[in-house]
Amino acid sequence: MAIHNEYILKLIDEVKARNAGENEFHQAVYEVLESLEPVIQKHPEYVTRGVLDMIVEPERIIKFRVPWVDDGGKVHVNRGFRVQFNSAIGPYKGGIRFHPSVNESIIKFLGFEQTFKNSLTGLPIGGGKGGSDFDPKGKSDNEIMRFCQSFMTELSKYIGADTDVPAGDIGVGAREIGYMFGQYKRLRDEYTGVLTGKGLTYGGSLARKEATGFGLCYFTDEMLRDNGKSFKNARVIISGSGNVAIYAAQKAMELGATVVAMSDSNGYVIDEDGIDLDLIKEIKEVKRERISEYAAERENAFYRVGCKNIWTVPCDIALPCATQNELDLEGAKNLTKNSCFCVAEGANMPCTPDAVAHLQANGVLFAPAKAANAGGVATSALEMSQNSMRYSWTFEEVDAKLHQIMINIYKNCSAAAKEYGVDKNLVAGANIAGFLKVAEAMKAQGVV
Ligand code: NDP
């Protein structure tokens, strides 16, 4: 889709100039703004009241030093970030990522996307994101703990249960959340739900661990049903083998699909008998090893080096659940060549813009991340509610709420797409539906 509106084109130029070199952030802003052309035709006040100018600028960016000492006594220095992007509809909410690729552009793109995703959940949460260029791979438990404590010592000055509530993301799971929560509690001497994704013994919510992957499949299931298809007997491939990928695989299997391939950042495994998820959990969640170990354990499975080639594996449904820009045009062409009929994004922005355009042009049902993977943050918001009430719901209660939230997100995105003349385009529908609630709240709150 080309952009014609002069105001939007000028705003994109300004974002590029003001955030020079931040390609991921430019990509995310472009993708949202191009969907908003029909919206500002109908609502010119979003331009005249400065809503669009304000929405592309984070409210606050915090950048800090994270010094820590390894097991050999050597001092290391990493960089920490928290982008508090938009608090129009609630306290900032969004994950923390530990990965060597983390920089300001990546955290800003994630915080920007998070604002619209959180709006789509229908729950009162604003958008934020954080992280560090720290690489948890190969570190001992004690090193991870010291890093998390140092990171939280600085971050604790800027967050709080009613201000900003971080969660996990790539490289940040239950272990890291536990160490960060412990340090926050010690520094602030208060027991509040300042982080989500906590362990079940200290305020975590049942079903949070499963929520992003399960939610992805609930959303996809609804989209498939609406188009006369289903997971039943479908061949599914899933990139990644982390939190999102594992629980997407579990729910896809429960819905009758066969998952035949999964990956990590080094390569992928194919198992025509269907992936043995208990074995994947053992390798990735318990032993924290490489996915190549899987092929060594299963007679008919084999391993291929190079994670991007997973898209050459024939499938009906592809669920990219690893990282941004992991599925490019070549990957998309491989999928359509093999008659894949559905791609649903579990990771944030995993498909490049030309890949999305190719998939949509070839009639592939496409579910964009900010709608399809919103189940994680929605359940985090349910964890916040339970913490505030000093109460916990059962797994079934949380799962039922999650399921309904994902159905509602699908319906709202579809309805928005239809209303604004882009029927069936869920990328545009998600951007429009997510934007409208935030924009109305910003308009009501004035120039702040
Ligand atoms: P994890 O750290 O649990 O797993 C990440 C997986 O992706 C691992 O298999 C990892 O492989 C792989 N991976 C990471 N970086 C790369 C890379 N550069 N190239 C190829 N593969 C890579 O993270 P999550 O599962 O939590 O997150 C996955 C995605 O989902 C991210 O985009 C995240 O932002 C998004 N997301 C997560 C939510 C959550 O609740 N956890 C909520 C919403 C979105 P390896 O082990 O080799 O590093």
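The values are calculated or read from the model by the stated rules, or taken from the named source; none is laboratory data. In this text the structure is predicted, and so the values were computed from the model without any measurement. Cβ coordinates were reconstructed from backbone atoms using ideal geometry, including for glycine residues, and neighbour counts include every protein chain displayed. The accessibility values were calculated without ligands, DNA or RNA, using every heavy atom of the protein model including side chains. Shrake-Rupley method; radii C 1.70, N 1.55, O 1.52, S 1.80 Å.
GNM on the chain, alpha-carbon springs under 10 angstrom: the most fluctuating residue among 174, 20, 161 is 20. Please sort by residue number the GluC sites (Glu not before Pro) in region 258-360 whose DSSP state is loop and whose Cβ has at most 14 other Cβ atoms within 10 Å. Sites meeting the loop and neighbour criteria: 272, 289, 299.
Set the bar at 28 Å for Cα to Cα. Now go through 129/232; 308/437; 129/284 and name every pair that lies beyond it. Result: 129/232; 308/437 exceed 28 Å.
Taking only protein heavy atoms into account and a 1.4 Å probe, give the accessible area per residue of region 25-178 in Å².
Working: 5250 Å² over 154 residues.
Per-residue accessible area for region 25-178 comes out at 34 Å².
Cα-based radius of gyration for region 210-363, normalised by 2.2 N^0.38 Å, reads 0.94.
Here region 412-448 is scanned for amide nitrogen atoms under 11 Å from the site 7 Å beyond the Cα of residue 3 along Cα-to-Cβ, giving none.
Between residue 443 and residue 299, what is 0.36 nm times their sequence separation minus the Cα-Cα distance? Round to one decimal in nm. List each step's numbers first, then the result.
Details: separation 144, 0.36 × 144 = 51.84 nm, distance 6.04 nm.
Fully extending the segment from residue 443 to residue 299 adds 45.8 nm.
State the percentage of accessible surface on the chain attributable to carbon and sulfur atoms; use a 1.4 Å probe and exclude ligands, DNA and RNA.
On the way: 8820 of 17870 Å².
Result for the chain: 49 percent of the exposed heavy-atom area is carbon or sulfur.
Determine which lysines satisfy two conditions relative to residue 74: a Cα distance under 24 Å, and not lying fewer than 8 residues away in the same chain. Leaving aside lysines fewer than 8 places away in the same chain, those within reach of residue 74 are 63, 137, 139. For the options 294, 218, 92, a Gaussian network treatment of the chain with springs between C-alpha atoms closer than 10 Å singles out 294 as fluctuating the most.
Springs between Cα atoms under 10 Å define the GNM used for the chain, and in it the highest mean-square fluctuation of 121, 336, 48 occurs at 48.
Report the antiparallel proportion of the DSSP beta bridges in the chain as a percent, rounded to a multiple of 5.
55 percent
For the pair region 127-188 and region 382-416, the centres of their Cα atoms are 25 angstrom apart. Among the trypsin sites (Lys or Arg not before Pro) within region 185-287, those in coil by DSSP and having at most 12 neighbouring Cβ atoms inside 10 Å are 232, 287. Where both bridge residues fall in region 1-148, DSSP classifies roughly 75% of the beta bridges as antiparallel. Taking 12 Å as the straight-line reach from the Cα of residue 198, the aspartates and glutamates in range (excluding those fewer than 8 positions away in the same chain) are 176, 383. Using a probe of 1.4 angstrom and keeping all protein chains present, the accessible surface of region 210-363 works out to 39 square angstrom per residue.
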